[in-house]
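The values are calculated or read from the model by the stated rules, or taken from the named source; none is laboratory data. Being a predicted model, the structure only gives us computed values, none of them experimental. A quick note on method: Cβ atoms are made from the backbone with ideal geometry, for glycine too, and the neighbour counts reach across all protein chains shown.
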Amino acid sequence: MQHLMQFNPSTLIFASARGPLASMHALDVMWVSFYSIGLLLVSLLIISAVRKWVHNAFLSFLLKLVAYVLFFIGTLLMVLVILTWPN
């Protein structure tokens, strides 16, 4: 019980410095990085296809909006993975 009452601020700092995905297993973080790379690639392919083949303004806007949302989610996930990188 005595060891639970002790407060060590350096342990708290090191535990919080591991990042937001620190509670996940390392292989799960790897899969999150793969998903984020996949989202980034899908958004790239959608933007490329819209520029080359879609000429309808409304459909072009809708597909670009979906691509940018996917890009934002992929970027956010990749930033979380990078912040979880081991020291």
When the residues of segment 44-87 are narrowed to those that are among the polar types (S, T, N, Q) and assigned to a helix (DSSP H, G or I), which ends up nearest to Ser23 (Cα to Cα)?
Thr75
Which pairs do you get when a residue that is among the acidic types (Asp, Glu) and loosely packed, with under 13 Cβ neighbours inside 10 Å, found in segment 73-86, comes within reach of a residue that is in a helix (DSSP H, G or I) and modelled with pLDDT of 90 or more, reach meaning Cβ atoms under 9 angstrom, with the pair 6+ apart or on two chains?
none
